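The structure appears below as structure tokens.
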Amino acid sequence: MSEPLKLRARLQSPVADVYSALTDPGALRSWLAEYAEVVLPHRYEFWGRYTPEGQAPHQRLLHADDRTLRLAWLLGGEETAVEICLEAESAEATILSLSQSHFDFQDAVSGNNILGVLFTYWSLSIKNLVDYLEGRQHTPKCDFTSTDMREQILIDALPQAVFDSLTNQEKFSQWFGYPIEIDPRVGGRWAMGTADIGYGPVGSILELDPERKLTMAEEGGGTVSWQLENIDRKTGLTFVEDSTGMERSAYPGWCAWLSAITELRRFNELADWRPVWLDSAATAGSDSLTD
């Protein structure tokens, strides 16, 4: 059996506020799911187009107290176990730990099982929870009913700064949370990883229009495009992934890119920015899914 998925994040909010965001149906409908119903200690369900296999709720509440939630979640024909634990790091900060059984990176790579989306799905969801708690607009959620990936967000920074974050490999590596190599010119190479640690996806730059557009070819087919527009000294970012020709499910990669966009925006907007994750597990695991 594969090791369970594990994520740990620091949230700059008190435990009580985090717990409320995790258990209030209205809050859940904002940062997690299209639909949610919670009646503790008996019911905890979420479903809809932003939930894997979300045509109907498939969760069963096993345990709930003021620091822990445990659910059984039927996915891909398997009853998986989800646990979310909260720990007060200080009066104003909380450590959130999440685990889920039955996750295997090979499912994400092959796209043969919906369970393969769990790592990047929860990575995106937890970052949206962080923004919700901070009163910030969250990143669009992954639509598991869609065949197209095209999202728009507004970043409170000039296009020059955002474009530099996408083409300066030091800055790209910083907000992405994993080493990136990029040669910012048409025909230039980009890669996740380095010669020292080994490479994940490797591709090339197809379009580069300074402060306006960056398009990268992805290994295994498809392209990723970042289109920037100056809107009252802010950046309107349109992100498009064309997964035409890819042989596997695009959803793990879509969640991974949306999670990355969340961090790109925080990197450019927050003067005291630092990564959400307490270790590199979330980024190291999800990077391989964006090809």
Can you tell me how the stretch 18-87 classifies by the Cα gyration tensor, rounded, prolate or oblate, using a/c under 1.5 as the rounded cut? oblate
Cα centroid separation, the stretch 210-235 to the stretch 1-60 (Å): 31 Å
Out of Leu214, Trp175, Gly135, whose Cα points farthest toward the positive end of the dipole of the chain (charges: +1 Lys, Arg; -1 Asp, Glu; placed on Cβ)? Gly135
Using only DSSP helix segments of four residues or longer, with each worth -39500 (n - 2.57), what per-residue ellipticity at 222 nm results for the chain after dividing by its residue count and rounding to 500? -8000 deg cm²/dmol
What share of all Cα pairs of the stretch 143-206, in percent, falls into each consecutive 10 Å distance bin? 19, 39, 33, 9
Between Glu207 and residues 5 or more places away or on another chain, which pairs have amide H atoms under 5 Å apart, with H built 1.01 Å from N, and which residues are they? Thr215
Please say if the stretch 121-180 is rounded, prolate or oblate, where rounded means a/c under 1.5 for a ≥ b ≥ c the square roots of the C-alpha gyration tensor eigenvalues, and otherwise the choice is prolate for a/b larger than b/c and oblate otherwise? prolate
How would you classify the chain from its alpha-carbon gyration tensor, with a ≥ b ≥ c the square roots of the eigenvalues: rounded for a/c under 1.5, else prolate if a/b is greater than b/c, otherwise oblate? prolate
Once you charge only the Cβ atoms, +1 for Lys and Arg and -1 for Asp and Glu, what is the size of the charge dipole of the stretch 149-289 about its Cα centre, to the nearest 20 debye? 160 debye
Formal net charge of residues neighbouring His63 (Cβ-Cβ distance under 10 Å; K, R +1; D, E -1): -1
Mind pulling the angle between the C-alpha long axis of helix 118-133 and the longest principal axis of the chain? Nearest 10 degrees, somewhere in 0 to 90. 80 degrees
Straight distance only, please: which lysines reach the Cα of Lys213 with their own Cα at less than 19 Å, same-chain residues fewer than 8 apart left out? Lys171, Lys234
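Read the figures in this text as sums done on the coordinates, not as results from a lab. All values derive from a computational prediction rather than experimental measurement. Heads up, the Cβs are rebuilt from the backbone with ideal geometry, glycines too, and the neighbour counts pull from every protein chain shown.
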